[in-house]
Every structure is written in structure tokens, then in C-alpha cells.
Amino acid sequence: MSDSPLLPLNPKGFNEPLHLMRGILIALVVAGHTASYQDTDATWPHAMHLAIYSFHMHAFFFLSGYLGRKFFLAERGQVGSIALYQFKRLGVVYLFYSAIGIAMKMCVPSDLLHRPVQVQDVVVDVLLYPQLNPLLPLWFLYVLLLIEMVFLLVRGFLRVNFTKTPVAAVVLALLVATNQACRGTPLDVIFGWSLAGRYAVYFFLGFWVGRHGAAIEGWLRKHRVAILAAGVMYFAWLMVYQPTLKRAPVALACALAGTGFCWTLAIHLSLRASVAKSFFRLLADYTYEIYTNSGVVQAATRIAMQKGLPRLLPDAPTLISPTLLTVSIVLGLLVPILLTRYIYRKNVWLRRLAMGDWKQKTPSRTDS
């Protein structure tokens, strides 16, 4: 299987529920980014934003660990080649979009931007402080690569056997403790270590669950109706009582509950043909590109609708939140798909830099 949930799965190891789960999660990412536009806490979009953020990136790290067995099983001689390959897939893409973000923000008046570029700091921010990146969502690629490299080096040079239950228990206990300790630390720290400390536990849990994936997936399939019903009630509770997520142990439990719900929903959708299944499968096929491009599209949409339009039409009525939410979500999903199909896939270097695809040297016939 592929080792990152943001990249296409290897057809030989294709797992449809996990693929659909990526589609569900990327839809939540786009919706969550849009919901964060609200300026006041007393709105349902803000509650939706907090509910989604309680688990959506945690679930992506879980999927990365589930599919990233080589970081836990690699031999010492494989460390260099694996590290280089992952840097090309994640690190190069991170730098490519960072450069685009810098260029775009420098061309836009600072009063229209939520986070204007500070030219004197931007290179240091990109290389050392992922949470200060001009395109904020790119922090995931940076932190994921960092976590992958830590486990790879520990496995390759310290020869830790992560498959042994006593070892896994100790590692998990340390990661849970690290997760709890990091929740009170600033996010904008060097190398994003606070973020890495928060999310490494989900990456490791993904690996451990993946070792028993078939059995767990079978159990979730068998009990999916009860799990999905409980999940709906859980999210209803979450929309009302989201302030409790500030408590670290509760936050960890909420993240795992949301991850389990999305996995179960994906399993349920995989069992029969439906419009929902086709929709989320389409999103899953373009997950990486939606993640890396949707933030720019949504920011441009917000600027145009909340700031640009009132300047052009001062007497126009203020756009209500549902309008902005709908347009931002649709464009955030649609534009990256079109960019990928009609631009990125047509050029070898854009495949590499924008998609992390270093294997395919020429555009396939199906893309022409």
C-alpha cells in the first residue's frame, strides 16, 4: 500500500474502505477550513469547526501509520533510500507550495490577507516553523515527514522491534504522555515539535491497528449500524459541548472516536454502489491535490466575497454565512480536481513538484 493517505494507493494493495475514508476526511478538511471563517464563537459554523478539528487531522495521521509499515519495519540499509523517497513525496511538495504561497501573498495587498507575509522571516518560517508557513495547511506535510523520519531512524539504527507487544505498549505509553504534555505548548515552535508530539501517537496507533486491520475491519463491518448510530449522537453532543475538548484526555478520546466513526462509515459505503460512494471515491482520488490547493482557493473565495465584493458594490447586501460556506466548499473541492486533471498531470515536473509523483515519467494516455 501507499505510505501516505494523501497519495494514491498502490492498486496491488488497494483497500476500498481506507480509500473512501480519505475522501470523507478531505471533505471534512475543506468544510472545517471554511467554517473557521466565522469571527464569533456564537455560531453553528464555529461549533462545526471545533467538532471537525477534534479528529480530522488525527485521522489522517492514523491512516499514514496504518499504511506506513516500512517506517516501523525497515532495516538499517533501507533508511537512506526510504528517507530520500519520502522527502521527495512530502518535503519537495511542501517547499513547492510554500514558494507559491509566498509569491501569491506578496502580490496581494496586506489588508486583504489574514496572515500577511513578513519578507524578512519567511524563509526561516518555511524551513523551521511549519505553523508559520504562508500556506498554513502545509504544516501537515512537514510534521508527517518529521514523525516518519523519527520512527524510521529509531527502527533502522536502534533496531527497536515495534511489533512486539511489550515494546509497543511502552512506546504507546510514552506517546500518550507526550501527547498530553504537548497540548499545553505553543504550536509555533521550531521544527513543529509541539505538533509532532501531539500527533505521533495517532501515527503509531495506525501502524499497530494496521497489523490487525482485517480482523478489526471485520468487527466494524459487523457492528456498523450500532457504531454509526452512536456516532451520530456523539457528533450531536460534540456540536453542543465542544468546549470540553480543551481537556487533554477528553481530546484524545474524541479524536479516536471520530477516527473510528469515519472508518466505519467508509466500510458501510464500500458495501454497495451509491452516489455517496462515488462522490467520496472521487475525492479520495484527488486527496493530496485537494489538501495542497484548496486552502488557496478558499482564501481567494473569502477575500472576493467578504472584502472584494463589498468594495465593488457598496450597497449590496452582506452575504450570509451559508452562501460563503457553500461557495467556498464547492470551489475548494472542484478547483484542485480540475487543476490536477488538466494541468498538473500534463507535465512531468508538475507531477513531481505539485503531486509528489516521482515514478511516472510521462503523462499517461488516459490523461490526454
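The values are calculated or read from the model by the stated rules, or taken from the named source; none is laboratory data. Remember, it's a predicted structure, so these values are computed and weren't measured experimentally. Cβ atoms come from the backbone with ideal geometry, glycine included; neighbour counts cover every protein chain shown.
A few remarks follow.
- Put simply, of Leu63, Leu113, Leu73, Leu144 the only residue that is modelled with pLDDT of 95 or more and surrounded by fewer than 19 Cβ atoms within 10 Å (Cβ to Cβ) is Leu73.
Residue by residue, here is whether (1) among the polar types (S, T, N, Q); (2) in contact with a helix residue (DSSP H, G or I) (Cβ under 9 Å, 6 or more places away or on another chain) holds:
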residue	(1), (2)
Leu256	no, yes
Thr259	yes, yes
Leu269	no, yes
Ala273	no, no
Lys277	no, yes
Leu282	no, yes
Tyr286	no, yes
Glu289	no, yes
Thr292	yes, yes
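- Verdict on Asp125 being modelled with pLDDT under 90, part of a helix (DSSP H, G or I) and not assigned by TED's automatic domain parsing to the domain that holds Ala354: no
- For beta carbons closer than 9 Å, sequence separation of 6+ or different chains, a first residue in region 180-192 that is over 20 Å from Ala255 (Cβ atoms) and a second that is in a loop (DSSP other than H, G, I, E, B) and not β-branched (Val, Ile, Thr), the qualifying pairs are Asp188/Tyr129; Val189/Tyr129; Ile190/Tyr129; Phe191/Tyr129.
- Checked against (1) among the basic types (Lys, Arg); (2) surrounded by fewer than 21 Cβ atoms within 10 Å (Cβ to Cβ); (3) in the same structural domain as Ala74 (by TED's automatic domain parsing), Arg302 passes all but condition (3).
- Selection from region 176-192 of residues that are farther than 21 Å from Val79 by Cβ, hydrophobic (A, V, I, L, M, F, W, C) and not in a loop (DSSP other than H, G, I, E, B): Val176, Ala177, Ala181, Cys182, Ile190
- Region 147-172: number of residues that are aliphatic (A, V, I, L, M), in a helix (DSSP H, G or I), over 23 Å from the mean Cα position of the chain (by Cα) and farther than 10 Å from Val201 by Cβ: 7
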